[in-house]
Amino acid sequence: MSNREPIVVGSIAAAPGERATGLVQVHLGGEHVAVLPIAIIHGARPGPRVAVTAGIHGAEYVSIAALREVVLGLDPAQVSGSVVAVLTANPSAFAARSIYVNPMDHLNLNRQFPGDPAGSPSQRLAHWLTTHVIAGSDVFVDMHCGDMNEALVSFAGIENTGDAAVDARSRALADAYGLRYLLIGPSPGTTTTAAAALGISAVLGEVGGQGRWPAEDVALHAAGFRRLLKAAGVVETAPDQPWHQSQVLPYESWMRATATGYWHPAVEVGQAVAAGTSVGEVRDAFGAVLERPAAPVDGVVIFLVTSLAMNAGDPLLALAGEEPPK
Ligand SMILES: [Zn+2]
């Protein structure tokens, strides 16, 4: 439960009943790492501290738009506990319209957690977010979206930490989010794994993609996050809809290209695919087929790369299913 002292994050602070917003300079080891737009909503009443990030991947616009809408709409007088929100967590990637990576070091920020205070810019940023935002919270939420080159069907993700109370709270919060699917499993190097290691209930939320932020996707993400805040006890009201009874898919498998060329998917997001089904072709510049990958397992296509450009080693899509691979 939050105490009644001011909440301080970097250079901004909010006393109980106050909101503070500002651009926080992140310097570590004498190096400039980032300037982060952060909002602190410190409720008038005691309650849990919720930390939330969006834009860990800079071109995931639905998450950035939805978080800003919900957090800046909170009235501290109506809040129990607090919300600490990093509205765009990877500003260099946002400015560069970069997919996957931070252009400062070409690393995927969401593979660097819990980070390293003496590492590359992304590793330092991950360390700062872990120590200044995630640590000390009761609940952590990381809002994502398909990247500029990805379509996806909405899903939440949680981990099993082995602590029954932490895991039950994560599950209840994910159920409140109400996205189409719920994936349960470890994802090394991510924000939610860092939170789990600190004993904090954590939820990943994914809605939309392809560099767009249509109103219906923003509304879905915003309503889900607002319901999560209600389930956590931070706010008293939230939209009932749109809400899904999430289907649990505990087994996730990513397919990656082995050839560089032109990607012609043969499946769509949300489609159920049987093991052995061709999911598309990578062709060369003249149309000759370089590879025709087949689904290794039965599963639902939860995300799909939609760019024509494809590089060896890049993800093609991910399947999630109810049964382990045969
Ligand atoms: Zn992401």
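The values are calculated or read from the model by the stated rules, or taken from the named source; none is laboratory data. These numbers come from a predicted model, not from an experiment. Because the Cβ atoms are built from the backbone with ideal geometry, glycine has one as well, and the counts that use them run over all protein chains shown.
Please determine whether any residue of the range 54-70 is of a type in the set (A, V, I, L, M, F, W, C), modelled with pLDDT of 95 or more, more than 14 Å from Met143 (Cβ to Cβ) and more than 16 Å from the ligand (Cβ to nearest atom). Even if it seems obvious, please write down each step before you answer.
Restricting attention to the range 54-70, the residues satisfying the condition of being of a type in the set (A, V, I, L, M, F, W, C) are 54, 56, 59, 62, 64-67, 70.
Checking which are modelled with pLDDT of 95 or more leaves us with 54, 56, 59, 62, 64-67, 70.
Keeping just the survivors that are more than 14 Å from Met143 (Cβ to Cβ) gives none.
No, the conditions are met nowhere in the range 54-70.
Each residue in the range 137-166 was checked for being at pLDDT 95 or above and either under 13 Å from Ala194 (Cα atoms) or within 14 Å of the ligand (Cβ to nearest atom) (or both), and 20 pass. For the range 66-92, what are the residues that are surrounded by 24 or more Cβ atoms within 10 Å (Cβ to Cβ) and of a type outside the set (Val, Ile, Thr)? Listed by number, the residues that qualify are Ala66, Leu67, Ser82, Ala85, Ala89, Asn90. Among the numbered conditions (1) touching a strand residue (DSSP E or B) at 6+ places or on another chain (Cβ under 9 Å); (2) assigned by TED's automatic domain parsing to the domain that holds Pro48; (3) of a type outside the set (Asp, Glu), the only one that Val282 does not meet is (2).
Output the residue which, of all residues in the range 106-119 that are crowded, with 17+ Cβ neighbours inside 10 Å and away from the ligand (no atom under 16 Å from the Cβ), is farthest from Leu198 (Cα to Cα). Give the steps one after another, and end with the answer.
First, the residues of the range 106-119 that are crowded, with 17+ Cβ neighbours inside 10 Å: 107-110, 112-115, 119.
Filter once more, keeping what is away from the ligand (no atom under 16 Å from the Cβ): 114-115, 119.
Values: Pro114: 10, Gly115: 14, Gly119: 21 Å.
So the residue we want is Gly119.
Which of the residues spanning the range 212-267 are aromatic (Phe, Trp, Tyr), assigned to a loop (DSSP other than H, G, I, E, B) and over 10 Å from Gly178 (Cα atoms)?
Keep residues of the range 212-267 that are aromatic (Phe, Trp, Tyr), which gives 213, 225, 243, 251, 254, 262-263.
Cutting the leftovers down to assigned to a loop (DSSP other than H, G, I, E, B) gives us 213, 243.
Trp213, the sole residue that qualifies.
Just to be sure I understand, how many residues within the range 194-210 are touching a helix residue (DSSP H, G or I) at 6+ places or on another chain (Cβ under 7 Å) and away from the ligand (no atom under 13 Å from the Cβ)?
Let us first name the residues in the range 194-210 that are touching a helix residue (DSSP H, G or I) at 6+ places or on another chain (Cβ under 7 Å), namely 194-195, 198-205, 207-208.
Cutting the leftovers down to away from the ligand (no atom under 13 Å from the Cβ) gives us 194-195, 198-203.
Result for the range 194-210: 8.
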